[in-house]
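Let me begin by presenting the structure, written as structure tokens, before commenting on it.
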Amino acid sequence: MSTMSPSLSVNLKAPNGKQWVQPTGLFINNEFVASTGGTITSIDPATEAEITTVQAASAEDVGKAVQAAHKALNEPSWKEMDPSERGALMTKLADLMEANKELFATIDAWDNGKPYLEALNNDLGEAVAVIRYYGGWADKIHGQTMNMGPKKFAYTLRQPIGVVGQIIPWNYPLSMATWKLGPALACGNTMVLKASEQTPLSILVLGQLIKEAGFPPGVVNFVNGYGKEAGSALANHPLVDKVAFTGSTATATQIMSTAAKSLKNITLETGGKSPLLVFADADMEQAVRWSHLGIMSNQGQICTATSRVMVQKDIYEEFISQFVAEVKRMSKVGHQWDDATYQGPQVTKQQYEKVLEYIKVGKSEGANVATGGKALKVREDGKGFYIAPTVFTDVKPDMRVWKEEIFGPVVAIAPFEGEADAVASANDSTYGLGAAVFTTNLERAHRVAAEIESGVVWVNSSQDCYPRVPFGGVKQSGIGREMGEAGLEAYSQIKSVLVNMGSKL
Ligand code: NAD
């Protein structure tokens, strides 16, 4: 961090030739403003070269953003806006995002290291769809009426919670932002969102589109900043009515204890060690392909990565042999801009070192390395945070690589005997985010889906995700749901109104 004098935009040209003017300030009240804090340096993880620096919010800056959101909440331009008009603004934002999707994909690929095509087809497709989906909800959020007999009348209003503080991670920078913004806007809240210090760029371009779409000033505010300073200031601020967080379980516990002091409403989406069960009756080819995608896509940096694969004993050896062949066939490791790249670099040096440390731990614990198990040199100069996709087999339940979230391209595979054994092993985790089951037996599929302790279960797939389907975790993987109609509950509250129409005392 430095305290160099602020410059609020910079001309950037990405390695794919895309050029744009990148805002670098804090987005408050629909304007980019200088911070009183330091800066964040954005690094290209493929080359370790600096992309640019952006302003980092101090606690004081976060306070200004919260004040802006607090003021906007009660301005007629937002509070009294017809919900259909609010939905139209969101649809306009989705259209603007779609028109700029190559730019957003370029920024997230450069800043995060993910393949450009993955950012374009996966992240951007989802980000646009989420805003569009929740734009459709804006004028369909209703209360209820209760039958009280002729002399009384009661109804409920579904109202916004107020000022929402939103804190997101770096693995899907823009789409994680939309998961938070979509339902919060549909319900009429105002917000301050803090992006991850590892990927601070795309959110600022989104700020430009928020203004262009016509949202009133102060409704949406974006601050970049460090977790300990800006994140904690946001979670602590007395005018913040709700904190919505996505990130690690360790940070979530801190946020929960901070929020407890003033009993703030919270939603937490945290880590996982999601199991994937392959039964002997599964379609082997499909099980292999989906389980590969479930752990190796997005560089393994997926909260719901199906990173614990359990395979029924009868087909264990055959599965391993086909899975390793699939890893070798699919996992072309390279830079973001090569269309053939399946796996880019890990997001930061810190994550790269953490994943390599886990690989060391797995080896020392006695897990068998079926493939990978090392860093990769992709460039001549040796720069870039590249790791070989790694498959540990014969992993035992007491090994750390079986129990702990690695958040990289590392899978742990173990055999199981029967269904009860598999479900017990799947549930033997402090986490409960995602799970997958591969079987052609319909009854077993539904039985196991019901038995597994997780917020999401995929039958014969992994990582399928849609704006209309709720998402979230149980146990230490989170509290509350995002996406779908359930996502609206996180951003609205029910008020009961009881009307006396003639009942005399
Ligand atoms: P992280 O917890 O380190 O950081 C997440 C965000 O929290 C960042 O914006 C960071 O600045 C902020 N932060 C850090 N300390 C803070 C504090 N004390 N107070 C307030 N804010 C603070 O997580 P990460 O490394 O950025 O992301 C990886 C983790 O996120 C993984 O565990 C992954 O499983 C999880 N994740 C979960 C989901 C989900 O939907 N469940 C989605 C994506 C990522």
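Relative intensity of the stretch 35-161 on a log10 scale, I(q)/I(0) at q = 0.13, 0.18, 0.21, 0.23 Å⁻¹, equals -0.85, -1.15, -1.16, -1.17, per a Debye sum over C-alpha point scatterers of equal strength in the absence of solvent. Using 0.36 nm per residue and subtracting the Cα-Cα separation, the extra length available between Met330 and Asp139 on full extension is 64.3 nm.
In terms of overall dimensions, the C-alpha atoms belonging to the chain reach 75, 63, 40 Å along their principal axes, ordered largest to smallest. Cα-based values for the stretch 275-466, radius of gyration first and Dmax second, are 15.9, 55 Å. Pairs of Cα atoms nearer than 8 Å and 6+ residues apart set the relative contact order; for the stretch 275-466 it is 29 percent.
Projected onto the charge dipole of the chain (+1 at Lys/Arg Cβ, -1 at Asp/Glu Cβ, origin at the Cα centre), which of Trp458, Ala127, Asn30 gives the Cα projection farthest towards the positive end? Checked the options; the winner is Asn30. A simple charge model with +1 on the Cβ of Lys and Arg, -1 on the Cβ of Asp and Glu and nothing else charged puts the dipole of the chain at about 1360 debye relative to its Cα centre. Think of the stretch 191-282 as a dipole: +1 on every Lys or Arg Cβ, -1 on every Asp or Glu Cβ, centred on the Cα centre; then among Gly271, Leu206, Ala259, Ala259 lies furthest on the positive end.
When the GluC sites (Glu not before Pro) in the stretch 18-54 are filtered for DSSP coil states and for at most 16 other beta-carbon atoms within 10 Å of their beta-carbon, the remaining sites are Glu48. Computed from label points 7 Å out along Cα-Cβ, the spacing between Val459 and Arg444 is 1.3 nm. Comparing Cα centroids, the stretch 104-118 and the stretch 480-505 end up 41 angstrom apart.
The charge dipole of the stretch 400-505, taken about the Cα centre with unit charges on the Cβ atoms of Lys, Arg (+1) and Asp, Glu (-1), comes to about 580 debye, rounded to the nearest 20. The Cβ shell under 12 Å around Arg132 holds other residues with a net charge of -1, Lys and Arg each +1, Asp and Glu each -1.
Residue pairs exceeding 25 angstrom between C-alpha atoms, taken from Lys374/Lys403; Lys18/Lys374; Lys261/Lys475; Lys332/Lys374; Lys79/Lys194; Lys18/Lys273: Lys18/Lys374; Lys18/Lys273.
Just to confirm my numbers, what's the Cα centroid distance between the stretch 275-323 and the stretch 130-172 in Å? When both Cα centres are located, 39 Å separates them. Taking only the C-alpha atoms of the stretch 6-271, the Rg (one decimal) and the largest Cα-Cα distance, Dmax (whole number), read 18.6, 73 Å.
The stretch 324-341 and the stretch 354-369 have Cα centres lying 22 Å from one another. Altogether, the Stokes-Einstein calculation at 37 °C and 0.692 mPa s, with the Kirkwood radius of the stretch 247-359 over Cα pairs as Rh, returns a diffusion coefficient of 198 µm²/s. Taken over the Cα atoms of the stretch 436-505, the convex hull encloses 182 Å³ per residue. Placing +1 on each Lys and Arg Cβ and -1 on each Asp and Glu Cβ, with no other charges, gives the stretch 6-271 a dipole about its Cα centre of roughly 1040 debye. Counted over the stretch 1-100 with a bin width of 10 Å, the fraction of Cα pairs per bin, in whole percents, is 13, 30, 33, 20, 4.
FYI, it's all coordinate maths here, none of it is from the lab. Bear in mind that the values here come from a model prediction, so they are computed numbers and not experimental data. Using ideal geometry, Cβ is built from the backbone for each residue, glycine included, and neighbour counts are taken over all protein chains shown.
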